[in-house]
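The block underneath contains the structure these notes are about, expressed in structure tokens.
The values are calculated or read from the model by the stated rules, or taken from the named source; none is laboratory data. Only a predicted model underlies this, so the values are computations on that prediction, with no experimental measurement involved. In this analysis, Cβ positions are derived from the backbone assuming ideal geometry, glycine residues included, and neighbour counts consider all displayed protein chains. Side chains are part of the model used for accessible areas, which takes the heavy atoms of the whole protein and leaves out ligands, DNA and RNA. Shrake-Rupley method; radii C 1.70, N 1.55, O 1.52, S 1.80 Å.
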Amino acid sequence: MDLATKLERIASAALLFCVALFAVQTIHWPVTGDEALMHYVASEMQSGVVPYKDIFDINLPGSYVADWVTIRLFGDSDLAWRFYDFGLLLLIGGAMWLLLPARRRFPAVWAACIFALIHARDGVEQAGQRDLTAAALAIAATALLVRGNRSERWDLRGGFGVCVGMATLIKPTLILLLLLPLVGVFRREKKALTSLLVAIAGFLVPCIVCVAWLSHKEALQPFIFCMFKLARFHSATGHARISKLLYSGISPLLPFASLWLISLLVRTRTSGHIDLSALPSEKIVLWAAMGIGLLSYFLQGKGFLYQRYPLLVFLLILACEDLSEMLRGNRFQQLAALSLLIWTSFVLGPSSVWKASHYDWQHRQFVEMLRSDLGATSGPDVAALSGRIQCVDSISGCVETLYKLHLRQSSRALYDEFLFHNGGDAVSLSRAAFLRDVQNPPQILVISESLFPSGPSNYQKIALWPQFDLWLSRNYSLVTERRLLPVQSVGRPFTPAGYRLYVLRR
């Protein structure tokens, strides 16, 4: 056994230990953040509620599938969702394993462990994120395409299309993955065009099922409204500066990615040129997939941590495969690869586990306080509030509280950003729908302090819609106002938004 192989085995043991520790120390993580909203919609679907028609939402139907299936099969417990999150990480690792030749599997272990540890340090809000599901589907699709091309199996190529279709129904920018079979077409590989057509046929399967379901539920027209009015409006708000996009897209892997790219440039200068014709098609496919992940991240323009997952899965497998080869290269290559092997195994790994185990649940205070306040206001029968309570909030924790209490809102509004931002049909139509829904005013109204995604805070959003302000003052009395204490979120102190609780005047 050579020295490089021994080092790889030591690193594998260290990284796998860190991942196992992460799993044990975060097994208690609750369903929270965006996934609490997805769970709320999915749990309401169990009672016959139809997204887009009965709840205005900006997420594509694929975003609910995992939540609905998990709740249907295993219940809505936090533990069930933790196992789903771990299952996605295993799926990503398995796809990486299948992408590489049998004799070179260490890069898959290395890449999968790094990705899991990055996901760990991103915090509890990212557990089971829909973009994590999309990333798992994206790399699984790529693995099916690669294996299908190796063995000339049409079922695997069709499976590639199905996975791309499912990923697109979560994150529409990933439709570009359907272009990956064109690599074989351009290189004039055997039956490459037929492979592309089979992939397209597979892609259409989940899309047709989705349209059929929406049509059956009479939700096609509301879906079009939500996508072309609300989702378009949302995509145009809250854009991050380019500096934040660059930092969030690669942190904390900046040393890793930088040294890898520098090593590639040095190798290119040494050889004098890049001969694309000499690169295996599988390598070009992975580079193209990473480019699509990068483009998807920048097109969204928000800089949220979970939006980089489809980029990272491909960046890591490419980098780890190259760095593993460099461990057996010249002295400079060995030094670069060894330093990154040590850094990921004994710095990034332990620090990620420490961060994951010390994060506070961002919405814990909000949920616990609101649960207590609702109990004090309504008496012991909190369930009687179902259909008689309304959140004016997006991501602060109000809908999450209703999900945990199994309460239904009185209106179709799920996000307050479409009620208080200025301009456009999305806002005017959402306001009109909200006022129609609350003609019989709910007994309880909970208004969060901030307006997602970019403010204002301190309840200034109420003044942005004078008609709502007047309706509120005429019909409701302020009972409670809560301000929350700072928590540790993604490594930095963060003060969650508070809320006001109003009760209908008799």
Test of understanding: among 23, 36, which residue is under 21 Å from residue 401 (Cβ atoms), outside any loop (DSSP other than H, G, I, E, B) and in contact (Cβ under 8 Å) with a residue 60 or more places away in the chain? 36
Name the strands (runs of 3 or more DSSP E) wholly inside the stretch 432-490 in which the number of residues that are open to solvent by 40 Å² or more (accessible area, probe 1.4 Å) is 3 or more. 476-482
For residue 117, indicate whether it is assigned to a helix (DSSP H, G or I), touching a helix residue (DSSP H, G or I) at 6+ places or on another chain (Cβ under 6 Å) and open to solvent by 20 Å² or more (accessible area, probe 1.4 Å). no
Please tell me if residue 399 is β-branched (Val, Ile, Thr), outside any helix (DSSP H, G or I) and open to solvent by less than 10 Å² (accessible area, probe 1.4 Å). no
Of the residues in the stretch 208-230, how many are out of contact with any helix residue (DSSP H, G or I) (no Cβ under 8 Å at 6 or more places or on another chain) and free of Cβ contacts under 8 Å to residues at least 40 places away in the same chain? 8
Failed condition for residue 182, given (1) touching a Phe, Trp or Tyr at 6+ places or on another chain (Cβ under 8 Å); (2) among the hydrophobic types (A, V, I, L, M, F, W, C); (3) within 24 Å of residue 100 (Cβ to Cβ), with all others met? (1)
Checking residue 385 against (1) over 23 Å from the mean Cα position of the chain (by Cα); (2) open to solvent by 10 Å² or more (accessible area, probe 1.4 Å); (3) not charged (D, E, K, R), the condition it does not meet: (2)
Kindly indicate which of 95, 42 is in a helix (DSSP H, G or I), at pLDDT 90 or above and more than 28 Å from residue 234 (Cα to Cα). 95
Take the residues of the stretch 248-265 that are part of a helix (DSSP H, G or I), in contact (Cβ under 8 Å) with a residue 24 or more places away in the chain and not hydrophobic (A, V, I, L, M, F, W, C): which is most open to solvent (accessible area, probe 1.4 Å)? 255
Which ranges mark the helices (runs of 4 or more DSSP H) fully within the stretch 134-227 that have 1 or more residues being hydroxyl-bearing (Ser, Thr, Tyr) and open to solvent by less than 70 Å² (accessible area, probe 1.4 Å)? 154-168, 192-216
With the condition kept exactly as written, say whether any residue in the stretch 94-112 is touching a residue at least 24 places away in the same chain (Cβ under 8 Å), open to solvent by less than 20 Å² (accessible area, probe 1.4 Å) and either among the charged types (D, E, K, R) or in contact with a His (Cβ under 9 Å, 6 or more places away or on another chain) (or both). no
Answer residue from the stretch 278-310, given it is within 15 Å of residue 141 (Cβ to Cβ) and among the hydrophobic types (A, V, I, L, M, F, W, C) and is surrounded by the most Cβ atoms within 10 Å (Cβ to Cβ) among those: 289
